[in-house]
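First comes the structure, then the notes that go with it.
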Amino acid sequence: MKISSLFILFAFGVLFSSCSKKTEDVSPTNGSATTAAGFRVKIDGSDYNPDFSYALATMPGKNAYYAIYGLDSKTSDVVAMALPATAGEGTHPIDNVNFGMLTYNKEDFSTINGGSGTITITKKTATNLVGTFSFTAVDATGLKKRTLTEGTFNVTIRE
């Protein structure tokens, strides 16, 4: 299981490094992402407001996963969560299966390495995901961690 999860994490890295901002990407606003389009979270108490965000409807491989993320194109910092496309409205754990990850200040952290949290989907349609999240993620050495709180998202699903 860890190997397949690590492959998905690697796929995220390849995906994010090849992303470029497009005019149809959703930009966050200063309001709560549960009422306005966007993606916001606090990382260790500091605001993280990426300049674009969305959810991919599928990931490479056999498993259909949603990849919900926000990317700061100026710093290449990214916060992402992945959960099965079958996950519906409600609260889901973030752990080593439904995982969270981030690249922040050129350091990588993931719940695959340890940590946990929750993601709550409050609205799910064929084209939109809305919800909240919080989680703690650990680096590959197990010595550093990041705590993400007050996360909100209202993102367009892209296939």
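The values are calculated or read from the model by the stated rules, or taken from the named source; none is laboratory data. Quick caveat, the model's predicted, so the values are computed rather than measured. No Cβ is skipped: glycine too gets one built from the backbone with ideal geometry, and neighbour counts run over all protein chains shown.
Among (1) in contact (Cβ under 8 Å) with a residue 24 or more places away in the chain; (2) within 13 Å of Phe39 (Cα to Cα), which single condition is Asn49 missing?
(1)
Regarding Leu83, is this residue out of contact with any Ser or Thr (no Cβ under 8 Å at 6 or more places or on another chain), farther than 18 Å from Ile43 by Cβ and of a type outside the set (Phe, Trp, Tyr)?
yes
Residue under question is Gly115, and the condition is that it be touching a residue at least 12 places away in the same chain (Cβ under 8 Å), outside any loop (DSSP other than H, G, I, E, B) and surrounded by 20 or more Cβ atoms within 10 Å (Cβ to Cβ); does it hold?
On the way: touching a residue at least 12 places away in the same chain (Cβ under 8 Å): yes; outside any loop (DSSP other than H, G, I, E, B): no; surrounded by 20 or more Cβ atoms within 10 Å (Cβ to Cβ): yes.
Judged against the criteria, Gly115 is not a match.
Is it the case that some residue within the range 73-87 is aliphatic (A, V, I, L, M), in contact (Cβ under 8 Å) with a residue 40 or more places away in the chain and over 16 Å from Ser53 (Cα atoms)?
No, that holds for no residue.
Taking the range 143-156, which residues are assigned to a strand (DSSP E or B), aliphatic (A, V, I, L, M) and surrounded by fewer than 18 Cβ atoms within 10 Å (Cβ to Cβ)? Even if it seems obvious, please write down each step before you answer.
Step one: list which residues in the range 143-156 are assigned to a strand (DSSP E or B), which gives 145-156.
Going one step further and asking which of them are aliphatic (A, V, I, L, M), we end up with 148, 155.
Answer for the range 143-156, where residues must be assigned to a strand (DSSP E or B), aliphatic (A, V, I, L, M) and surrounded by fewer than 18 Cβ atoms within 10 Å (Cβ to Cβ): there is none.
Before we move on, is Thr127 modelled with pLDDT under 95 and in contact with a strand residue (DSSP E or B) (Cβ under 6 Å, 6 or more places away or on another chain)?
It is true that Thr127 is modelled with pLDDT under 95 and in contact with a strand residue (DSSP E or B) (Cβ under 6 Å, 6 or more places away or on another chain).
Condition test on Asp47, is it farther than 17 Å from Thr120 by Cβ, surrounded by fewer than 20 Cβ atoms within 10 Å (Cβ to Cβ) and at pLDDT 90 or above? Full working, then the answer.
Details: farther than 17 Å from Thr120 by Cβ: yes; surrounded by fewer than 20 Cβ atoms within 10 Å (Cβ to Cβ): yes; at pLDDT 90 or above: yes.
Yes: the conditions hold for Asp47.
If a residue has to be in contact (Cβ under 8 Å) with a residue 24 or more places away in the chain, buried (at least 20 other Cβ atoms within 10 Å of the Cβ) and over 14 Å from Thr132 (Cα atoms) to count, how many in the range 88-110 make the cut?
7
For the range 85-105, check the following and say yes or no: at least one residue is more than 11 Å from the chain's Cα centre (by Cα), modelled with pLDDT of 65 or more, of a type in the set (Asp, Glu) and not in a loop (DSSP other than H, G, I, E, B).
Looking through the range 85-105, none of the residues is more than 11 Å from the chain's Cα centre (by Cα), modelled with pLDDT of 65 or more, of a type in the set (Asp, Glu) and not in a loop (DSSP other than H, G, I, E, B).
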